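K.L.:
Submitted below is the structure of interest, expressed as structure tokens.
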Amino acid sequence: MIEESLLFVEQPGSEEGYSVLVARYFSYGQKSKEMTYHRIPKEWSGRMDIFTYSERHLRTFEVEEGRLTSYHIYQIDDPSKRIQTHNALMICSSFTVEFPYIYGIHMGIGSNTATLSITSCHNPNPFGGGAGSGSWPSAPIVSPTYTGSGGGSGIGSPSGGGSTGTTPCNNTNHFGSDCIPFPEEQIDLSSLSNCHREIIERLIGSTQQEFKRIFQKFNGNQPVPANYNIKFNYGDCGGGATACTDSRLENGFAIIRINQKGNENATDLSFAKTILHETLHAYLLFEEKFPSNCDLNCLLNKYITKYGPDPNDVHHNLFVETKFLNDIAVELRNFANVSGYNENALGDQFFKDMAWGGLQETDIFKTLPISVQTRIKNRLGAEYYNKNYSGTLPKGIKACD
């Protein structure tokens with residue numbers, strides 16, 4: 001099933017001010033709904049071919065349930081002279097073949113065959129289903145590479161016989177060069193290390209229940225309140241906190257600050273738990289200001305009256321007195337599963353104890369038996385410091401070197 005549409009891509013400085021591109025969608029199932037350049041329906045799977053108006057092939061994208069899984073580039077000129085950029089979640093390789101046609105486009109001008117350079121990139125991370133509208137991998141485009149023939153390549157290094165380029169790809173380059181202006185996903189991880197970005201992306205991809213719905217709200221580039229926005233930074237939260245979320249939105253973004261030094265020894269399970277916790281803070285800040293769920297907004301207002309005005313107190317008590325505490329435990333278990341852990345060996349109690357991270361000052365926690373409080377604190381300490389903590393050994397592995 002094939003659909004086709006024209007794309008008008010802004011190109012400042014050109015005579016027309018834009019470039020006209022042709023997009024062809026090959027659905028692997030039923031015809032898509034609400035398909036636009038900025039929105040790929042979360043249930044859609046198929047292939048997208050992007051051409052210039054003169055039918056020169058630019059990119060082929062493979063999509064599975066709304067997520068970009070791979071893309072391919074076909075070209076007949078010397079690939080070492082053509083700058084390519086790869087999304088930081090992609091692993092790419094290049095090779096050459098003699099092939100006269102590709103997707104119906106004649107490549108051997110004036111001859112029967114042509115030497116075709118093919119660059120193929122794929123996403124090696126396992127994702128648990130689609131992540132909603134516009135759910136492209138969100139890591140920023142990194143330093144470009146010149147793509148040569150033969151051999152594989154990692155990110156940020158030459159492919160085959162190529163050499164590293166110096167001009168970054170950005171949205172002003174458009175399709176006139178070899179840059180693809182991917183729709184932005186409003187979970188801004190650009191200030192974080194590659195390691196922390198990878199863990200957060202893996203966490204987002206692993207979610208299956210409540211947090212999958214929450215992360216979907218942050219995916220896409222529609223204006224608030226259609227989409228919510230998060231920006232992750234490094235910073236000191238005071239009091240030795242592992243991370244914190246600013247109490248006010250900033251230009252439509254919730255700001256999450258991660259204590260980089262404080263987390264330097266943390267296990268990946270500890271770090272993932274922290275991200276779930278802070279993302280929930282960010283979500284509730286938006287829900288308070290732009291309610292999309294009447295029941296949740298009404299509940300928030302009751303907790304503001306009871307525990308306000310400090311959002312930390314309001315949110316934390318809401319976490320533990322509703323299903324959110326269990327949601328954190330469930331999604332942390334899902335993350336452990338895709339990260340290669342035997343979640344059954346870790347046990348339900350492990351994930352339930354981890355979910356209490358940052359919530360030890362709540363009224364509910366203080367009513368727990370002292371022995372239970374101690375067990376939870378020791379588990380959190382063992383994973384955060386990645387060492388024997390009062391007789392409790394960590395079960396996770398160090399998140400980042």
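K.L.:
Among the residues of the range 284-315 satisfying the criterion of being among the hydrophobic types (A, V, I, L, M, F, W, C) and under 17 Å from Arg248 (Cα atoms), which is modelled with the lowest pLDDT? Even if it seems obvious, please write down each step before you answer.
P.N.:
Looking only at the range 284-315, we keep the residues that are among the hydrophobic types (A, V, I, L, M, F, W, C), and these are 284-286, 290, 294, 296, 298-300, 304, 314.
Okay, now just the ones that are also under 17 Å from Arg248 (Cα atoms), so 284-286, 290, 300, 304, 314.
Values: Leu284: 94, Leu285: 93, Phe286: 93, Phe290: 88, Leu300: 91, Ile304: 92, Val314: 95.
Ranking the qualifying residues of the range 284-315, first place goes to Phe290.
K.L.:
Which count do you get for residues in the range 198-220 that are part of a helix (DSSP H, G or I), farther than 13 Å from Ala336 by Cα and not hydrophobic (A, V, I, L, M, F, W, C)?
P.N.:
Of the range 198-220, the ones part of a helix (DSSP H, G or I) are 198-206, 210-218.
Subset that is farther than 13 Å from Ala336 by Cα: 198, 201, 210-218.
After this cut, where a residue has to be not hydrophobic (A, V, I, L, M, F, W, C) as well, the list is 198, 201, 210, 212-213, 216-217.
Counting residues in the range 198-220 that are part of a helix (DSSP H, G or I), farther than 13 Å from Ala336 by Cα and not hydrophobic (A, V, I, L, M, F, W, C) gives 7.
K.L.:
Considering only residues that are surrounded by fewer than 20 Cβ atoms within 10 Å (Cβ to Cβ) and touching a residue at least 12 places away in the same chain (Cβ under 8 Å), which ones fall in the range 387-401?
P.N.:
First pass over the range 387-401, keeping only residues surrounded by fewer than 20 Cβ atoms within 10 Å (Cβ to Cβ): 387-393, 395, 397-398, 400-401.
Lys387, Ser390, Gly391, Thr392, Lys395, Ile397, Lys398, Cys400, Asp401, listed by residue number.
The rows are residues; the columns are (1) within 29 Å of Ala399 (Cβ to Cβ); (2) in contact with a His (Cβ under 6 Å, 6 or more places away or on another chain); (3) free of Cβ contacts under 8 Å to residues at least 60 places away in the same chain; (4) of a type in the set (Lys, Arg).
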residue: Arg213; (1), (2), (3), (4): yes, no, yes, yes
residue: Gln216; (1), (2), (3), (4): yes, no, no, no
residue: Val224; (1), (2), (3), (4): no, no, no, no
residue: Asn259; (1), (2), (3), (4): yes, no, yes, no
residue: Glu264; (1), (2), (3), (4): yes, no, no, no
residue: Phe271; (1), (2), (3), (4): yes, no, no, no
residue: Leu284; (1), (2), (3), (4): yes, yes, yes, no
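K.L.:
Take Ser247 and decide whether it is in contact (Cβ under 8 Å) with a residue 40 or more places away in the chain, among the small types (Gly, Ala, Ser), over 19 Å from Ile328 (Cβ atoms) and in the same structural domain as Asn312 (by TED's automatic domain parsing).
P.N.:
On the way: in contact (Cβ under 8 Å) with a residue 40 or more places away in the chain: yes; among the small types (Gly, Ala, Ser): yes; over 19 Å from Ile328 (Cβ atoms): yes; in the same structural domain as Asn312 (by TED's automatic domain parsing): yes.
Spelling it out, Ser247 is indeed in contact (Cβ under 8 Å) with a residue 40 or more places away in the chain, among the small types (Gly, Ala, Ser), over 19 Å from Ile328 (Cβ atoms) and in the same structural domain as Asn312 (by TED's automatic domain parsing).
K.L.:
Just a yes or no: is a residue in the range 291-302 surrounded by fewer than 15 Cβ atoms within 10 Å (Cβ to Cβ), in contact (Cβ under 8 Å) with a residue 12 or more places away in the chain and under 25 Å from Gly340 (Cβ atoms)?
P.N.:
No: zero hits.
K.L.:
Hey, among Leu325, Leu346, Leu368, Leu332, which residue is of a type in the set (A, V, I, L, M) and closer than 17 Å to Tyr303 by Cβ?
P.N.:
On the way: Leu346 fails: closer than 17 Å to Tyr303 by Cβ; Leu368 fails: closer than 17 Å to Tyr303 by Cβ; Leu332 fails: closer than 17 Å to Tyr303 by Cβ.
None of the other options fit; the residue is Leu325.
K.L.:
Answer with yes or no whether Thr374 is of a type in the set (Ser, Thr, Tyr), surrounded by fewer than 18 Cβ atoms within 10 Å (Cβ to Cβ) and either at pLDDT 95 or above or in contact with a Pro (Cβ under 9 Å, 6 or more places away or on another chain) (or both).
P.N.:
Working: of a type in the set (Ser, Thr, Tyr): yes; surrounded by fewer than 18 Cβ atoms within 10 Å (Cβ to Cβ): yes; either at pLDDT 95 or above or in contact with a Pro (Cβ under 9 Å, 6 or more places away or on another chain) (or both): yes.
Yes.
K.L.:
OK, next. Applying the selection to the range 293-344, what residues are among the hydrophobic types (A, V, I, L, M, F, W, C) and closer than 20 Å to Phe271 by Cβ? Write out each step before concluding.
P.N.:
Step one: list which residues in the range 293-344 are among the hydrophobic types (A, V, I, L, M, F, W, C), which gives 294, 296, 298-300, 304, 314, 318-320, 324-325, 328-330, 332, 335-336, 338.
The answer is Phe319, Phe324, Leu325, Ile328, Ala329, Val330, Leu332, Phe335, Ala336, Val338.
K.L.:
Which condition from (1) under 24 Å from the mean Cα position of the chain (by Cα); (2) assigned to a loop (DSSP other than H, G, I, E, B); (3) surrounded by 14 or more Cβ atoms within 10 Å (Cβ to Cβ) is the one that Gln360 breaks?
P.N.:
In the conditions (1) under 24 Å from the mean Cα position of the chain (by Cα); (2) assigned to a loop (DSSP other than H, G, I, E, B); (3) surrounded by 14 or more Cβ atoms within 10 Å (Cβ to Cβ), Gln360 misses (1) alone.
K.L.:
For the range 193-251, give me the residue count where each residue is small (Gly, Ala, Ser) and surrounded by 19 or more Cβ atoms within 10 Å (Cβ to Cβ).
P.N.:
Going through the range 193-251 one residue at a time, the tally reaches 4.
K.L.:
Here is a follow-up. For a quick check of your reading of the model, give me the residue pairs whose first member lies in the range 329-343 and is closer than 15 Å to Ile275 by Cβ, whose second is among the hydroxyl-bearing types (Ser, Thr, Tyr), with beta-carbon atoms closer than 7 Å and at least 6 apart or on different chains.
P.N.:
Partner pairs satisfying both residue conditions: Glu331/Thr207; Asn334/Ser206; Asn334/Thr207; Phe335/Ser206; Val338/Ser206.
The values are calculated or read from the model by the stated rules, or taken from the named source; none is laboratory data. Computed from a predicted model, the values in this text were never measured in an experiment. Here the Cβ is made from the backbone with ideal geometry for all residues, glycine too, and neighbour counts use every protein chain on show.
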